[in-house]
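Worksheet for the structure shown next.
The values are calculated or read from the model by the stated rules, or taken from the named source; none is laboratory data. Computed from a prediction, not measured in an experiment: that's the story for all the values here. Here the Cβ positions follow ideal geometry from the backbone for every residue, glycine too, while neighbour counts run over all protein chains shown.
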């Protein structure tokens, strides 16, 4: 919810949200990926203190897909964000893959 929510969208919490959809039509550069990753980590620290973000990856046709269940052919015209995290209290690890 934090990743897909645009800042200002939540009533009474104007800073809540990463707003990744607004980056969809930007040029896919390392600088853009770094900015999104920084925003995801910052929002998780503030609004999801019970999880720890281990890694944020941006999937494209050139990435290695051995860790995901996505086929390279399914990546055309989309941006995929893979977020590996741990729920601290339960020591549960998982990966969230978002299609944007």
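A few points about this structure:
- When restricted to residues that are surrounded by 13 or more Cβ atoms within 10 Å (Cβ to Cβ) and under 19 Å from residue 95 (Cβ atoms), the range 40-59 contains 12.
- Within the option set 65, 58, being part of a strand (DSSP E or B) and either over 23 Å from residue 41 (Cα atoms) or at pLDDT below 95 (or both) holds for one residue only, 58.
- Qualifying residue in the range 84-93 (condition: within 30 Å of residue 14 (Cβ to Cβ), modelled with pLDDT under 95 and part of a loop (DSSP other than H, G, I, E, B)): no
- Lone unmet requirement of (1) assigned to a helix (DSSP H, G or I); (2) modelled with pLDDT under 95; (3) over 14 Å from the mean Cα position of the chain (by Cα) for residue 22: (3)
- Screening residue 15 against (1) assigned to a loop (DSSP other than H, G, I, E, B); (2) over 27 Å from residue 92 (Cβ atoms); (3) in contact (Cβ under 8 Å) with a residue 40 or more places away in the chain leaves a single unmet condition, (3).
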